[in-house]
Amino acid sequence: MTTPHRLAWALPKAVGARSATLLAAVFLLAGAAAALAFFPPAPPVAGRSDPQAAPAVTPELRADFERWWDTQPRMTLPVSADGAKVLIVKFTDLQCPSCGLSHFAMKPKLAEYQSRYPGAVKLVTKDYPLQPECNPNVQRAVHLAACDAAAAVRMARQQGKGDALEEWFYANQSSLTPMSVRQAAATIGGVTNFNAGLATALNGIRTDVGLGKLLGVTATPTFYVNGVKCESQGQPLATPFIFVAIEYELRKAGLK
């Protein structure tokens, strides 16, 4: 885990030493709450964190964060925004605990943005299962039903039931097995022939995984907001600060 003094060392030029210390505390708290699979090029080990935990976002901390955010590199992702002012891209594993936590934390906030700014914020989910059967970047299986779950959601989307199945998988992560995934795909996702659609779904998953590799994704969840990777020194931003980033991008687009 990144230590506070390393984070503080990385941020002073952007926001000043005092503010860097504040941000370091935010990233450290985000990194201390829970473990999740993280992989350097070596086999994955527990170390990526629950990106939700964070102190309250004060006006001072928000301003410090926004100054830091403006210094971060911004990439052009090959993902259509469809006219949205803010494009969020999430690389996820449906068995990853922090992916589930971030899903449920973000769902009401995204609904709020849609109500206030219709069509201005778009979330695109990309698959990055931590299982070598569909992700060659993983050297050993971290989650044994992740590939099947991702494939099931893709097939369920063809039936208009992908969101419901995704929600069920996130809510029942601890009990997921290849068999339970197939059962849920049928009963919740309307998938009548899982095996028939599996090869096509896996090809789509591998395309997402390839994009993740190109972008340097090594853990889940990994978020991008308008092309900026939501992490510092390899640690994910706390979920409240992803919201700060989204709202800052909305303001810069002229939406108050």
Rg/Rh (Cα only; Kirkwood hydrodynamic radius) as it applies to region 139-201 = 0.95
Gap separating the Cα centres of region 93-127 and region 144-179, nearest whole Å = 16
When the Karplus curve 6.51 cos²θ - 1.76 cosθ + 1.60 is applied with θ = phi - 60°, which whole-Hz ³J(HN,Hα) does each residue of region 90-105 get, with x for Gly and Pro?
-> 10, 8, 9, 10, 5, 9, 6, x, 6, 5, x, 4, 5, 4, 6, 6
If you build the Cα gyration tensor of region 119-160 and take the root of 5 times each eigenvalue, what three semi-axes come out, in whole angstrom, biggest first?
-> 24, 14, 7
Taking only Cα atoms of region 131-252, the Rg to Rh ratio with Kirkwood Rh works out at 1.02
Could you sort out which of LYS213/LYS256; LYS85/LYS109; LYS122/LYS213; LYS161/LYS256 sit more than 26 Å apart by Cα distance in this structure?
-> LYS213/LYS256; LYS161/LYS256
Would you mind checking which residues have amide H under 5 Å from GLU231's amide H? H placed 1.01 Å from N; only 5 or more apart, or other chain.
-> LEU237
Working from the pairwise distances between different alpha carbons, so that the mean of 1/r is found and then inverted, what is region 65-132's Kirkwood radius in Å?
-> 13.9
Considering only PRO132, CYS147, SER115, whose Cα is most displaced toward the positive end of the charge dipole of region 100-153, charges sitting on Cβ of Lys, Arg (+1) and Asp, Glu (-1)?
-> SER115
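Assuming 0.36 nm per residue, please report the length gained on full extension of the stretch THR200 to ALA141 beyond their Cα-Cα distance.
So the chain would gain 19.1 nm between THR200 and ALA141.
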For region 87-129, list residues with backbone N below 13 Å from a point placed 7 Å from the Cα of MET75 toward its Cβ?
-> 89-91
Given charges of +1 on the Cβ of Lys and Arg and -1 on the Cβ of Asp and Glu, with all other atoms neutral, how large is the dipole of region 48-159 about its Cα centre, in debye to the nearest 20?
-> 240
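Rule-based calculations on the coordinates, nothing more; no lab input. Just so we're clear, the structure is a prediction, and the values are computed from it rather than from any experiment. For neighbour counting, all protein chains shown are included, and Cβ atoms are generated from backbone atoms with ideal geometry for every residue, glycine included.
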